[in-house]
1. Could you tell me which numbered condition residue 128 fails, if it satisfies all but one of (1) at pLDDT 85 or above; (2) surrounded by fewer than 16 Cβ atoms within 10 Å (Cβ to Cβ); (3) in the same structural domain as residue 44 (by TED's automatic domain parsing)?
2. For residue 135, work out the one condition from (1) surrounded by 14 or more Cβ atoms within 10 Å (Cβ to Cβ); (2) modelled with pLDDT of 80 or more; (3) assigned to a helix (DSSP H, G or I) it doesn't fulfil.
């Protein structure tokens, strides 16, 4: 004998809607002194402001849900670069969650990579390459490897 249960014949009790939970955010920490700022992010605050505006653009003014400003995004990324240990450590120092650190670092890196053509320019001719190699040799005092062969530049 087979038992068949039909949902249409069952009366399910209606439950009241679940109350919306209140979202809570960690308290964001602001560096207290210039020395602390430089030790945490390896840059002075005006430099971080410039990098945030150059690579991330102007702030959107978004404040819903505890949105991060571009400066805060750059600070999170710089903190991760300066000590690439665990993202939990960065989240505790800055005052955001670990997933926020992960998303922010990915976002900032993508924006920096998008501007790579402005900052990374390779020589296109042999003459430009030799000129760049000589300029590099003046700044550094070690032999360099060029085009697969070792050249000592004076």
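The values are calculated or read from the model by the stated rules, or taken from the named source; none is laboratory data. Quick caveat, the model's predicted, so the values are computed rather than measured. Glycine gets a Cβ as well: all are built from the backbone with ideal geometry, and neighbour counts include every protein chain shown.
1. Going through the list (1) at pLDDT 85 or above; (2) surrounded by fewer than 16 Cβ atoms within 10 Å (Cβ to Cβ); (3) in the same structural domain as residue 44 (by TED's automatic domain parsing), residue 128 breaks only (3).
2. Here residue 135 meets the rest and fails (1).
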